[in-house]
Amino acid sequence: MSATLLPAKQPVDASALTDPGRGQGLVDVFRRRYLLRLLVRKELRVRYRGSVVGLGWTLLKPLVQFCVYYFVIGLVLNGREAIPDFPTYLFCGIMFVHFFNEGFGASTRSIVTNSALVRKILLPREMFPVASVIVAGVHLIPQTLILLVGAVLLGWSPDPLGLLAGLLGLLIVGTLVTGAGLLASTANVYFRDTRNLVDLMSLIVFWSSPTIYSWTQVRDSAALQDYPWLVNIYLANPVTIAISLLRRAFWYEGTDGSLPLPPDLWLRGGIALLVALVVLAIGQLVFRRFEGRFAQEL
Amino acid sequence: MAGRAPAVVIDGVSKGFTLRHNRSLKGLAVSAVRGKDLSNNFLALDDISARVEQGETVGLLGLNGSGKSTLLKLISGVLRPDTGSVRVRGSIAGLIEVGAGLHPELTGRENIFLNGAILGMGESEISRRFDEIVEFSEIEKFLDTEVKFYSSGMHMRLGFSVAVHTDPEIFLIDEIFAVGDRPFKKKCMRRIRELRDSGRTLVVVSHNARTITRLCSRGLVLHEGRLVYDGPARTAVKYLDDSEESEE
Ligand SMILES: Nc1ncnc2c1ncn2[C@@H]1O[C@H](COP(=O)(O)OP(=O)(O)OP(=O)(O)O)[C@@H](O)[C@H]1O
Ligand SMILES: [Mg+2]
């Protein structure tokens, strides 16, 4: 018989009575990153197994978006004239907005999608929204390669400060979407039509950031001339700043400088990161407040 | 037993569920306008107190819906009590439902790693036990087949094998013998006895009186969310039998 003899368990120290199910949230997610890695891999594997083009599918959506906007905004509405190096400008915007929206939608659904696990096994449940955001983030890798090729073709060359700006932008969007995902996934447990709201939010995020137009068009628009503070609010949007940082990395230095980035970009970047961190903290607090009831509500 | 510290302390625990009929913002708005109450409350566990000593094997008995699974979920921490407290000592593995962590689209091999990680094992630990897990489950041939093509027995074998190769102090076992064939059931029982004899704490839910009397030293009987009996396993089984008869 092959049964292994188990080592005897020694009685555990008497002081160690603990409350089961009281974890440390995101800290525990980090602690169990092997599981996080497997969950991300599972998601990618499940999504692309059996599809011939594999990862190509995920590139398709932003690429089609790119083509459509390039045609309509760039050619038909002549955005190419107003915005130098329009292709890379557009691609930067689409990349982060797409990352935000994909991550937001997937993390919103993540708790309900993984209800079998949530209901039966104790895990740091933040694991699921976080994994969804990471899965969305993985798709930035091939997109960045495409962007790099485009940027080089348009005469851009890399600089260390630009790289830093890009990373800061990524950090801002990643933090923000994780926080928003924690909030929305909690709501989605109780109200399954939260998804519809999230879809609407995605639309708003798309149009309220300078994805396919420039922030100067907002600043100079006749309608806003009497309300300069509205322009400031517009520029306070962390997604807007993150996109601008990405453009600082891959677009601005290659242009003739005729279209400026928002002023005080680094300061605004720092503030945007702070805002994103606050959203993350609120998301984590709300999630923890309700997480104990997830298993019975699903 | 003297001098041993308790592994699980359940103190005055009640757990109610909301039977809500609506799960949408729209529904919430509609009922707010109509002024209808959405929810009615239902008490699944009512003021339960019990303790399980380290190394003890306790059977949990009761009719369907009496609250056994709910109590196990409270011990594992998946659910939290409304009132009272549950405290445990040491790590817990739930076999609460074997195979809960298996993903149908992944192969058996991938699932061993994923499920192992879900149950708290690290990468090196899983690699180390991998062969043992496969051998125990007897599914070598289907290791690289996706789990959705497994028979329900194979599914359960894989889940059980991973679960019993984790190394926690407390095992929670809920009705796991439903689909296994007889040889595998025997093997499971042997393994569970091994776990017991090595000093691990076991809480076992089963409707099978023989399983309870063979594995457990002590039995708790739940009836409609109340703890109605706590004593030797044999007497607990008999208690349940008698109360069933008197209800007929
Ligand atoms: N998440 C939930 N929401 C609402 N009611 C629930 C929930 N979980 C359990 N219940 C109710 O609590 C009661 C006890 O359920 P539980 O699963 O603990 O029973 P059990 O003793 O395990 O029964 P069985 O022998 O059938 O497995 C049942 O009436 C069940 O409907
Ligand atoms: Mg049950």
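The values are calculated or read from the model by the stated rules, or taken from the named source; none is laboratory data. Computed from a predicted structure; not experimentally measured. Ideal geometry is used to build each Cβ from the backbone, glycine not excepted, and the neighbour counts take in all protein chains shown. Side chains included, ligands, DNA and RNA excluded: accessible areas come from the protein's heavy atoms. Shrake-Rupley method; radii C 1.70, N 1.55, O 1.52, S 1.80 Å.
Considering only helices (runs of 4 or more DSSP H) fully contained in the range A:1-120, which possess at least 2 residues that are within 25 Å of the chain's Cα centre (by Cα) and modelled with pLDDT under 85?
Because the criterion is at least 2 residues that are within 25 Å of the chain's Cα centre (by Cα) and modelled with pLDDT under 85, the helices (runs of 4 or more DSSP H) in the range A:1-120 that meet it are A:33-48, A:56-69.
Matching residues to (1) crowded, with 20+ Cβ neighbours inside 10 Å; (2) away from ligand 2 (no atom under 16 Å from the Cβ); (3) away from every other protein chain (no Cβ under 12 Å):
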| site | (1), (2), (3) |
| --- | --- |
| B:182 | no, yes, yes |
| B:188 | yes, yes, no |
| B:201 | yes, yes, no |
| B:204 | yes, no, yes |
| B:210 | no, yes, yes |
| B:245 | no, yes, yes |
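What are the residues in the range A:264-290 that are open to solvent by less than 20 Å² (accessible area, probe 1.4 Å) and within 16 Å of ligand 1 (Cβ to nearest atom), if any?
Answer for the range A:264-290, where residues must be open to solvent by less than 20 Å² (accessible area, probe 1.4 Å) and within 16 Å of ligand 1 (Cβ to nearest atom): there is none.
So residue A:212 fits all but one of (1) under 22 Å from residue A:280 (Cβ atoms); (2) more than 14 Å from chain B (Cβ to nearest Cβ); what number is the exception?
(1)
Residues in the range B:215-232 that are under 28 Å from residue B:199 (Cβ atoms), in contact with a Leu (Cβ under 8 Å, 6 or more places away or on another chain) and open to solvent by less than 40 Å² (accessible area, probe 1.4 Å): how many?
Of the residues in the range B:215-232, 6 are under 28 Å from residue B:199 (Cβ atoms), in contact with a Leu (Cβ under 8 Å, 6 or more places away or on another chain) and open to solvent by less than 40 Å² (accessible area, probe 1.4 Å).
Among the residues of the range A:60-75, is any touching a His at 6+ places or on another chain (Cβ under 9 Å) and within 14 Å of chain B (Cβ to nearest Cβ)? Quick ask: steps written out before the conclusion?
The initial filter retains those residues of the range A:60-75 that are touching a His at 6+ places or on another chain (Cβ under 9 Å), namely A:61-62, A:65.
Applying the additional criterion that residues be within 14 Å of chain B (Cβ to nearest Cβ) yields none.
Within the range A:60-75, not a single residue is touching a His at 6+ places or on another chain (Cβ under 9 Å) and within 14 Å of chain B (Cβ to nearest Cβ).
What residue, of B:169, B:140, B:135, B:125, is touching a strand residue (DSSP E or B) at 6+ places or on another chain (Cβ under 8 Å) and either open to solvent by 20 Å² or more (accessible area, probe 1.4 Å) or away from ligand 2 (no atom under 16 Å from the Cβ) (or both)?
B:169
Looking at the range B:14-44, which of its residues are within 12 Å of chain A (Cβ to nearest Cβ), at pLDDT 85 or above and either open to solvent by less than 30 Å² (accessible area, probe 1.4 Å) or more than 30 Å from residue B:92 (Cα to Cα) (or both)?
Hits for the range B:14-44 are B:15, B:16, B:44.
Which members of the range B:155-165 meet the condition of being out of contact with any helix residue (DSSP H, G or I) (no Cβ under 7 Å at 6 or more places or on another chain) and open to solvent by 10 Å² or more (accessible area, probe 1.4 Å)?
B:156
May I ask you to list the residues in the range B:90-118 that are of a type in the set (A, V, I, L, M), in contact (Cβ under 8 Å) with a residue 60 or more places away in the chain and more than 7 Å from chain A (Cβ to nearest Cβ)?
Narrowing the range B:90-118 to residues of a type in the set (A, V, I, L, M): B:92-93, B:95-96, B:98, B:100, B:102, B:106, B:112, B:114, B:117-118.
Subset that is in contact (Cβ under 8 Å) with a residue 60 or more places away in the chain: B:92-93, B:95-96, B:98.
Scanning the range B:90-118 gives B:93, B:95, B:98.
For residues that are in contact (Cβ under 8 Å) with a residue 40 or more places away in the chain and within 15 Å of ligand 1 (Cβ to nearest atom), scanning just the range B:176-205, find the one that is farthest from residue B:216 (Cα to Cα).
B:176
For the condition crowded, with 21+ Cβ neighbours inside 10 Å, among the charged types (D, E, K, R) and away from ligand 1 (no atom under 16 Å from the Cβ), what is the one hit in B:109, B:51, B:89?
B:89
Limited to the range B:214-248, what total is found for residues that are closer than 22 Å to residue B:75 by Cα and either out of contact with any strand residue (DSSP E or B) (no Cβ under 8 Å at 6 or more places or on another chain) or not aliphatic (A, V, I, L, M) (or both)?
Residues flagged as closer than 22 Å to residue B:75 by Cα and either out of contact with any strand residue (DSSP E or B) (no Cβ under 8 Å at 6 or more places or on another chain) or not aliphatic (A, V, I, L, M) (or both) within the range B:214-248 amount to 12.
Before we move on, is residue B:235 open to solvent by 40 Å² or more (accessible area, probe 1.4 Å) and β-branched (Val, Ile, Thr)?
When the stated conditions are applied, residue B:235 passes them.
With respect to the numbered conditions (1) closer than 30 Å to residue B:172 by Cβ; (2) open to solvent by 10 Å² or more (accessible area, probe 1.4 Å); (3) within 12 Å of the chain's Cα centre (by Cα), which one is the sole condition not fulfilled by residue A:129?
Failed condition: (2).
Within the group B:95, B:79, B:63, B:71, which residue is open to solvent by 40 Å² or more (accessible area, probe 1.4 Å) and within 16 Å of ligand 2 (Cβ to nearest atom)?
B:63
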